[in-house]
Amino acid sequence: MQPERSSGRRVCVTGGLGFVGSRVCALLADRGYEVVCVDRQSAAYSPGAGPDAARSLSARGSVRLLVEDVAQVDLADLLGPAAGVIHLAALPGVRSGHDAETLWRENVALSERVARAAARSGTRMVLASSSSVYGNAACLPTPETATPRPLGVYGESKAAAEAACLGAAPDVVVARLFTVFGPGQRPDMALSRWIRALRGGEPLDWRVHAGGARELTYVDDAARGLVAALERGRAGEAYNIGGCGSYPMEQVLRLLERELGRRARLERHAAGLQEAVRTAACLAKSERELGHRPRVGLVEGLRTQLASVGALGAHAEGRPPRRHARVGALTPDV
């Protein structure tokens, strides 16, 4: 039996000024929710996120913005009448270099605190988790039933956050995001770094496993998946939120080169041991139970990301976008 939940229309979004969080806040507002966006605004942001998102969201009458650390706010006040909380506040990135103690404090203890507050107020919690919990999964595409096999402290912190939240509250839904891209992508993420290197004619730092591939998810599809988890997810369940399909990263680089009309000068380095060689999401469960299907394909998404930073080459203008059909695991049609 599903836990009884508040019938309110308020949703609290932690990390709501970030790359994905800002899109979630805007989507919720568009869907008629009252949104409370909480973010300490301490990260490095690309255009469209952080201060830009704060300005655009503040202009919406249905969004309340709190520039505060989630660990310091009165969650009982925020969550009391709420329909739910979407918890995105965390330290991101497999390559971030954060030590285990810091990751546990920010990714595990904070998530558990939010879950316990949600439990006390009868509020649904959606935990934004990561495909990193799967590590080098034995099955591709990977279903939610796969045994977690995180490869390092970041993935371990996300798996531990899932377990902590599911143990602390009766109405938690876990959403495992697969590599998100698009306008506003964090500057430390691979595609953002590659675009800067190509535009500037600089050496491109290449740290990809031989045969490395990633399930790539356009940011608006990620936001829609998180809201679908809030509205239709089953308590205690995990859902993969993926997108375009699993693409070899070398082919993704070739696409960027084509769109920009430039060739990359690679500086090759060993790939990190904490990074999976390949990721691919099985989306059958999220489609069946959440009614969620990704809408944006890789070429369209890359062009939108390039256009957002003024990088779309003139030679690419006027090209029709490819019709999106989700690509099967590791068999892209670029």
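The table that follows gives values for the structure above.
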| quantity | calculated |
| --- | --- |
| Peptides ranked, highest mean first, by Cβ atoms within 10 Å: ranges 160-171, 44-55 | 160-171, 44-55 |
| Share antiparallel - DSSP beta bridges, the chain, percent rounded to 5 | 10 percent |
| Cα coordinate range in segment 82-144, projected on the principal axes (Å, largest first) | 38, 29, 13 |
| Rh by Kirkwood over Cα pairs, then Stokes-Einstein D for segment 12-138 at 0.890 mPa s and 25 °C, µm²/s | 163 µm²/s |
| Order of exposure, largest accessible area first, which applies to W206, W104 with probe 1.4 Å | W104, W206 |
| Reference-scaled alpha-carbon Rg (2.2 N^0.38 Å with N residues) for the chain | 0.95 |
| When the convex hull of its Cα atoms is projected in every direction, mean area for segment 202-288 (nm²) | 7.3 nm² |
| Packing rank of 22-30, 146-154, 69-77, where each peptide gets the mean count of other beta carbons within 10 Å, highest leading | 22-30, 146-154, 69-77 |
| Cα→Cβ-extended label distance, 7 Å offset, between S58 and L266, nm | 4.5 nm |
| Cα principal axis extents for segment 125-218, largest first, Å | 52, 29, 22 |
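The values are calculated or read from the model by the stated rules, or taken from the named source; none is laboratory data. In this text the structure is predicted, and so the values were computed from the model without any measurement. Every residue, glycine among them, receives a Cβ derived from its backbone with ideal geometry; neighbour counts consider all protein chains shown. Calculation scope for accessible area: heavy atoms of the full protein, side chains included, ligands and nucleic acids excluded. Shrake-Rupley method; radii C 1.70, N 1.55, O 1.52, S 1.80 Å.
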